[in-house]
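Some notes on the structure that comes next.
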């Protein structure tokens, strides 16, 4: 059965650990880690390396995604914490978010197991490229504002929340694609393309993108293609994806970290003039009809007739904020409540300026002002995509 919204291409199981600063401090002592060792380790081959990497993210108050040498490292680290098992991947998290509003979708999966069967929306249609069960959990670390770590000569205090992801996922590394997905996309009004960031081989990636192009060419001519970027384990592969798909992408979406990585510099996110210049630069690098950027302060669309996507942008912001406040357990009532929240003051001032000076190419919406302290930064981009696509169709 074909749905209006088709979502591809990867999915996974997440181990969301329950943050505990005391456990982190105990592990620092256990592994005798010193402040001078804290850095972004390129090759994570042990639990000790993983812990050093986590401390580097905390020290910078940043988030990101990293590859680990073995799935056993994830299991060994997760054993020190309480954890909850959830579904991960932009496509499936977007599907879950949309289903909260009664909207079903069609999914392409690369991993299937009892947890996927148990947790995915029951009335969404799907195909999987794997003909047997597999299990490669991603480690999700959510740290909070005012997190304090003090052990040995290490002292870290965070002034904001963020999330870190660690993976070694064979299914998403090879990203096998099932062409039966074509049967679920024949009447699709929009197709989400996402999930290639864990791939390691450019030859394999080229083959998979060739199949994606076949699927796109089977969809009716007026269907929209929405690409959600991600933190690539091999950054050069991100540019290869962009180059390969550039002619078919209608919407190119990214978060604030990816935005700044593409530009190659840190951008003051509340300086409307610098953001506008950066968007113009980015559009030369990625010349698609519409660029979308979602950040902690604001979200915006950049391109011709940007204003026509104002409702979709607002729906994306509401969905992401609802997830920020309530995590996986939000419902449609929470969504409606979020829509009534006041707008965040700094983001509102920025949006007013950039909308006024954006030469008709920009529509920006500020974030909502929330009071919750225990927030969820996991999957906010995925929820944003779900909200945007649900309004887009």
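DSSP beta bridges fully contained in the chain are about 45 percent antiparallel.
Shown here are the Rg and Dmax of the Cα trace of region 218-272, at 13.5, 43 Å.
As a rough guide to protection, the peptides 376-387, 311-322, 60-71, 236-247 ranked by mean Cβ packing within 10 Å, highest first, stand as 376-387, 311-322, 60-71, 236-247.
Expected output is a single nm value to one decimal: the length gained when fully extending between residue 43 and residue 250, i.e. 0.36 nm times separation in residues minus the C-alpha distance. What is it? Gain on stretching residue 43 to residue 250: 71.0 nm.
A protection proxy built from the mean count of other Cβ atoms within 10 Å ranks the segments 99-108, 218-227, most packed first, as 99-108, 218-227. Computed on the Cα atoms alone, the convex hull of region 242-356 gives a volume of 124 cubic angstrom per residue. Computed over the Cα atoms of region 73-182, the ratio of the radius of gyration to the Kirkwood radius (Rg/Rh) comes to 1.06.
Rg/Rh, computed from the Cα trace of region 186-229 with Rh as the Kirkwood radius, has the value 1.01.
With bins 10 Å wide beginning at 0, the percent of Cα pairs of region 292-393 falling in each bin runs 17, 50, 28, 5, 0. Taking the DSSP bridge list for region 198-301 and keeping only pairs wholly inside it, about 25 percent are antiparallel. Here r is the Cβ-Cβ distance between residue 25 and residue 217 and R0 is 45 Å; the resulting FRET efficiency, rounded to 0.05, is 0.25.
The reciprocal of the average 1/r between distinct C-alpha atoms defines the Kirkwood hydrodynamic radius, which for the chain equals 21.4 Å. The three principal axes of the C-alpha atoms in region 156-231 carry coordinate ranges of 53, 27, 17 Å, sorted with the longest axis first. Counted over all Cα-Cα pairs of region 41-112, pairs farther apart than 21 Å make up 46 percent.
Every read-out reported here was derived from the displayed coordinates using simple, explicitly stated rules and does not represent laboratory data. Not measured: the values here are computed from a predicted model. So basically every Cβ, Gly included, is an ideal-geometry build from the backbone, and we count neighbours across all protein chains shown.
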